[in-house]
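A quick write-up on the structure given underneath.
The values are calculated or read from the model by the stated rules, or taken from the named source; none is laboratory data. Fair warning: this is a prediction, and the values are worked out from it, not measured in the lab. We place every Cβ from the backbone using ideal geometry, glycine too, and count neighbours over all the protein chains shown.
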Amino acid sequence: MRLSLSTLRDLPDALKPGYDAAAHGVGILHLDVGAFHRAHQAIYTDAALAAQGGDWRIVGVSLRSTEIVDALAAQDGHFTLTERGGGPDQTHVIV
């Protein structure tokens, strides 16, 4: 199953984001959507939206290659992030 807006509802509740992305606007433009950004800035922004809401969703722009952009576009911009260390693994869907 490919992650997307239409398959998000089929995921276990523990994986689903803690907010409705469509209810929040964009407030951040990030240049380059590489792994470091997705593993750090995106997860913290996602947590902030889940806790407090607001128009702080991220639009990513790639200046080098369309590879990551194309992969994310095929998943409606969604991706999963698994945190490891200091306890059980925790997987999150980032929208």
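Kindly indicate whether any position in region 31-44 is closer than 25 Å to residue 90 by Cα, surrounded by 11 or more Cβ atoms within 10 Å (Cβ to Cβ), touching an Asp or Glu at 6+ places or on another chain (Cβ under 6 Å) and not β-branched (Val, Ile, Thr). There is no residue in region 31-44 that is closer than 25 Å to residue 90 by Cα, surrounded by 11 or more Cβ atoms within 10 Å (Cβ to Cβ), touching an Asp or Glu at 6+ places or on another chain (Cβ under 6 Å) and not β-branched (Val, Ile, Thr). Filter region 31-67 down to residues that are in contact (Cβ under 8 Å) with a residue 12 or more places away in the chain and more than 13 Å from the chain's Cα centre (by Cα), then give me how many there are. So the count comes out to 10.
For residue 71, the criteria (1) without any contact (Cβ under 8 Å) to a residue 40 or more places away in the chain; (2) of a type in the set (A, V, I, L, M, F, W, C); (3) surrounded by 12 or more Cβ atoms within 10 Å (Cβ to Cβ) hold in every case but one, which is (3). Only one of the numbered conditions (1) at pLDDT 90 or above; (2) closer than 14 Å to residue 94 by Cα; (3) outside any strand (DSSP E or B) is violated by residue 17, and that is (1). Residues that are under 15 Å from residue 14 (Cβ atoms) and acidic (Asp, Glu) were ranked within region 70-95; the one that is nearest to the chain's Cα centre (by Cα) is 83.
Out of 29, 3, 49, which single residue is at negative phi and in a strand (DSSP E or B)? First the steps, then the outcome.
Values: 3 fails: in a strand (DSSP E or B); 49 fails: in a strand (DSSP E or B).
Matching residue, one of 29, 3, 49: 29.
Please determine, by comparing only the residues of region 55-95 that are modelled with pLDDT under 90 and among the hydroxyl-bearing types (Ser, Thr, Tyr), which one is nearest to residue 26 (Cα to Cα). The residue in question is 62. What do you reckon, is residue 52 modelled with pLDDT of 90 or more, surrounded by 13 or more Cβ atoms within 10 Å (Cβ to Cβ) and not acidic (Asp, Glu)? Taking the combined requirement at face value, the residue does not satisfy it.
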